[in-house]
Amino acid sequence: MMGRTHLVVGMVGAFDLALMTHTPISLLGLAVAGTTSLLPDLDEEHSMLGRRLGGKVGAGLIGAAITAGAVYLRSWPTVPVGLAIAGIPHLRHRGLTHSLLAVGLLAIYLHWLSATIHDPSVLLMGVAGYGLHLLADFTTNRGIPALEPITSRRFGFRLMDTGSPFESLASMVPIMVGLWYGLSHHVF
Ligand SMILES: [Zn+2]
């Protein structure tokens, strides 16, 4: 699935979820949702995030610099961010980053980050952004290895090909859900 579809589905879907669970929505939460919606494909050099970080070499250097800076400044919540940027591009595409284990690890990290900075939207919207990426890939012909590293068997509905017209329709789903919820609950 294309980066911009993931970005729209992740950010709008996370926004909807925060609205429905009455979680205060912050700009940081939205930014985290946008980032986590693209994060699983950082294991692919030509992905939206991979390109912007300069591929394997660029991401490795940026990640190492962030990690070193975070350790120097004792900014511990930033250390896993640096390690993820440096390490993920070296993983097999649609491998570990597209597993339930990755969602679990991200949830543990964001739970800690949310509590540290007192912003509950970071946990909810960040996990939603990542989870919706996996859910969207689950509907494509390639599926996802949800149980990696136990098995690399791929699971999915295999409803559509990446880049197919259905993909544009998929990004409309969270927009329609948000509109429906907003209108039916007089949010707008
Ligand atoms: Zn993906």
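Given A64, A102, A68, A84, which one is outside the structural domain of S37 (by TED's automatic domain parsing), in a helix (DSSP H, G or I), of a type outside the set (V, I, T) and within 16 Å of the ligand (Cβ to nearest atom)?
Working: A64 fails: within 16 Å of the ligand (Cβ to nearest atom); A102 fails: outside the structural domain of S37 (by TED's automatic domain parsing); A68 fails: within 16 Å of the ligand (Cβ to nearest atom).
One residue alone meets the criteria, A84.
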Those residues of the range 105-158 which are touching a Pro at 6+ places or on another chain (Cβ under 6 Å), within 19 Å of M11 (Cα to Cα) and within 16 Å of the ligand (Cβ to nearest atom), in sequence order: H133
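Only one of V177, V187, V173 is surrounded by 15 or more Cβ atoms within 10 Å (Cβ to Cβ) and over 18 Å from the mean Cα position of the chain (by Cα); which? Can you show your working first?
On the way: V187 fails: surrounded by 15 or more Cβ atoms within 10 Å (Cβ to Cβ); V173 fails: over 18 Å from the mean Cα position of the chain (by Cα).
Of V177, V187, V173, the one residue that is surrounded by 15 or more Cβ atoms within 10 Å (Cβ to Cβ) and over 18 Å from the mean Cα position of the chain (by Cα) is V177.
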Return a yes/no flag: does the range 14-21 have any residue that is in a loop (DSSP other than H, G, I, E, B), more than 13 Å from the ligand (Cβ to nearest atom) and more than 26 Å from T162 (Cβ to Cβ). yes
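The values are calculated or read from the model by the stated rules, or taken from the named source; none is laboratory data. What you see is a predicted model, and the numbers here were worked out from it, not measured in a lab. All Cβ positions, even for glycine, are placed from backbone atoms using ideal geometry, and neighbour counts span all protein chains on display.
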